[in-house]
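What follows is calculated from the coordinates using simple rules that are stated; it is not laboratory data. Just so we're clear, the structure is a prediction, and the values are computed from it rather than from any experiment. Using ideal geometry, Cβ is built from the backbone for each residue, glycine included, and neighbour counts are taken over all protein chains shown.
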Amino acid sequence: AQKITQTQPGMFVQEKEAVTLDCTYDTSDQSYGLFWYKQPSSGEMIFLIYQGSYDEQNATEGRYSLNFQKARKSANLVISASQLGDSAMYFCAMREGWLYNTDKLIFGTGTRLQVFP
Amino acid sequence: DAGITQSPRHKVTETGTPVTLRCHQTENHRYMYWYRQDPGHGLRLIHYSYGVKDTDKGEVSDGYSVSRSKTEDFLLTLESATSSQTSVYFCAISETLRENTGELFFGEGSRLTVL
């Protein structure tokens, strides 16, 4: 079973509008972490934001915020005031195994976001 | 930027030949990972290492082996390359994930084409 599910292969948003990229996860761990990475067309992986499972507040980093709903096992990325430079592939990821000294990140399949003027 | 170097960055090879990709880090980070990226599949973990000579399999480890004899180097070997192993391979490193957010730092990727 997929542990990280991103159901939106592609999304379009107009410049200056907000957009939400969906991510749901599956884990039996009590302690875990959720991440979002951006991959522009140049190919590098850029870390955007992190949310710990015990964090009570939703994480925010500039124009990025993570809408964390623990009971629903969702960790959606919200980008406010979209810019043309936000056009990229976005990956949701979950950290698992930290209790067992085998920490690793598992990634979703990604959502391609295109921002148009 | 984290000091991670992947080599080679591009390689074209033929089916059945052995291939080794190298990941070198200058950060002294404990954890090292190999992922492959394919359209529609995102990044899938091949193997990872949590210390020198300590490695474990990821979700798509068949056909791949790894070795880590030094903290700074993590080698990924395809013993007999197949066309299904045509992909972009990313190396990543991290400090001990329990003690921080566990952010991964990625190399620039190695594009492998198996003909």
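The table for this structure:
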quantity: Cα-centred dipole magnitude for the protein assembly as shown, charges only on beta-carbon of K, R (+1) and D, E (-1), debye, nearest 20; calculated: 280
quantity: Among A:Glu15, A:Glu96, A:Glu44: highest mean-square fluctuation, GNM of chain A, C-alpha pairs under 10 Å; calculated: A:Glu44
quantity: C-alpha center-to-center spacing [region A:1-51, region B:34-65] in angstrom; calculated: 20
quantity: Computed lengthening from B:Asp73 to B:Glu108, 0.36 nm per intervening residue step minus Cα-Cα distance; calculated: 11.0 nm
quantity: Dimensionless Rg/Rh of chain B - Kirkwood Rh, Rg from C-alpha atoms; calculated: 0.95
quantity: Approximate spin-label separation B:Glu27-A:Gln30, in nm, with each point projected 7 Å along Cα-to-Cβ; calculated: 3.0
quantity: Inter-chain Cβ neighbour average for residues B:19-30, partner chain, 10 Å; calculated: 0
quantity: Shape call, chain A: gyration tensor on alpha carbons, a/c limit 1.5; calculated: prolate
quantity: Distance (nanometres) between label positions extended 7 Å along Cα→Cβ at A:Ser41 and B:Asp54; calculated: 4.3
quantity: Label-reachable residues, region A:1-33, where backbone N falls under 11 Å from a point 7 Å from A:Lys70's Cα toward its Cβ; calculated: A:30-32
quantity: Inter-probe distance in nm under a simple model that places probes 7 Å from Cα toward Cβ, at B:Lys11 and A:Val78; calculated: 4.5
quantity: Summed side-chain charge close to B:Thr113 - residues other than B:Thr113 whose Cβ falls under 15 Å, Lys, Arg +1, Asp, Glu -1; calculated: +2
quantity: Evaluated at q = 0.10 Å⁻¹: base-10 log I(q)/I(0), Debye formula over Cα of the protein assembly as shown; calculated: -0.46
